[in-house]
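Visitor: Before we start, here is the structure in question, set down as structure tokens.
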Amino acid sequence: MNEVLIKSRDILENVTPLRVDCGRICGDACCKSGGDELGMYLFPHEEELIGGGFTIKDAGGAMKGEKICVCNGSCDRKTRPLSCRIFPLAFSLKSGKPEIETDVRAWPVCPLMNSGLDGMLPEFRKRVYEALLLLWNDEESKSFMIKLDRELESYRTLTL
Ligand code: SF4
Ligand code: SF4
């Protein structure tokens, strides 16, 4: 079992972008979109931690060899993947190590994007950063993050 992965998930167990349930603002838009075929990327070995109720598939394309999970739009919070715990934040490796940023893929679904990083709770931002740094020190997660950053870069380029 990957201890770093467990710890990173734990760090993000009880934090959310806002003090209130932001799903009330948008009608759980990201969960509804998470239920489609796109799914959420899983960190290496995360499929061992998320429990049942998800369909796990190869991510394909530039992320071939990595896994995505597709949900049915609702889940037990304890089982949700890191991608959902972090959303609508993501990371960039522009400086050679992870830095948090808003996730460009969130623009079509998440109303929090309009307020940017400053609109989200400092505790949420701090914990996402802490979890990402921890994962960065794990070789398998680091390789995954480098691959995912390249994928995110293609979305960043599209939105420029
Ligand atoms: S789409 Fe944004 S505001 Fe809505 S539940 Fe997801 S993170 Fe919260
Ligand atoms: S796994 Fe849970 S938190 Fe993530 S998109 Fe699906 S329902 Fe939402």
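Here, each number is a calculation from the coordinates, and none is a lab measurement. The model shown is predicted, which means the values in this text are computed figures rather than measured ones. Backbone-built Cβ (ideal geometry, glycine too); neighbour counts: all protein chains shown.
Visitor: Please list, or write none, the lysines whose alpha carbon is within less than 22 Å of the alpha carbon of Lys64, excluding same-chain residues fewer than 8 places away.
Guide: Counting by Cα, and skipping residues close in sequence, Lys64 has these lysines nearby: Lys142, Lys147.
Visitor: In whole Hz and in residue order, list the ³J(HN,Hα) couplings for the stretch 49-63 that follow from phi through the Karplus curve 6.51 cos²θ - 1.76 cosθ + 1.60, θ = phi - 60°; x for Gly and Pro.
Guide: 10, 8, x, x, x, 10, 9, 9, 9, 6, 5, x, x, 5, 9
Visitor: Express the relative contact order of the chain as a whole percentage, based on alpha carbon pairs under 8 Å and six or more residues apart in sequence.
Guide: Values: 211 pairs, mean separation 45.9, N = 160.
About 29 percent, as a whole number.
Visitor: If you build a Gaussian network model of the chain, linking Cα atoms that sit under 10 Å apart, which residue out of Ile68, Ile50, Ile86 swings the most?
Guide: Ile50
Visitor: Still on this structure, please answer the following. Which of Ser141, Ser115, Ser83, Ser33 comes first, and how do the rest follow, when ranked by fewest Cβ neighbours within 10 Å?
Guide: Working: Ser141 23, Ser115 12, Ser83 20, Ser33 15.
Ordered from fewest to most neighbouring Cβ atoms within 10 Å, Ser141, Ser115, Ser83, Ser33 come out as Ser115, Ser33, Ser83, Ser141.
Visitor: Determine, for Thr102, Thr16, the number of other Cβ atoms within 10 Å of each Cβ, and report the residues in order from fewest to most. Walk me through the numbers on the way to the answer.
Guide: Numbers: Thr102 20, Thr16 16.
Result, fewest neighbours first: Thr16, Thr102.
Visitor: Still on this structure: Roughly speaking, what is the centre-to-centre gap between the stretch 25-79 and the stretch 103-160 when only Cα atoms are used, to the nearest Å?
Guide: Taking the Cα centre of each part, the stretch 25-79 and the stretch 103-160 sit 16 Å apart.
Visitor: Can you sort Arg85, Arg156 by how many other beta carbons sit within 10 Å, fewest first? Present the calculation step by step, with values, prior to reporting the outcome.
Guide: Details: Arg85 21, Arg156 16.
The most exposed by this proxy come first: Arg156, Arg85.
Visitor: Given charges of +1 on the Cβ of Lys and Arg and -1 on the Cβ of Asp and Glu, with all other atoms neutral, how large is the dipole of the chain about its Cα centre, in debye to the nearest 20? Write out the running numbers ahead of the final one.
Guide: Values: 22 positive and 25 negative charges, 63 e Å.
Approximately 300 debye in magnitude.
Visitor: Which value at 222 nm does the chain reach when only helices count, each DSSP H run of 4 or more adding -39,500 (n - 2.57), with the total divided by all residues and rounded to the nearest 500 deg cm²/dmol? Numbers along the way, then the final one.
Guide: Details: 6 runs with 60 residues, N = 160.
Calculated mean residue ellipticity at 222 nm is -11000 deg cm²/dmol.
Visitor: Convex hull over the Cα atoms of the stretch 3-159, averaged projected area in nm²?
Guide: Details: hull surface 34.2 nm².
Mean shadow area of the hull around the Cα atoms is 8.5 nm².
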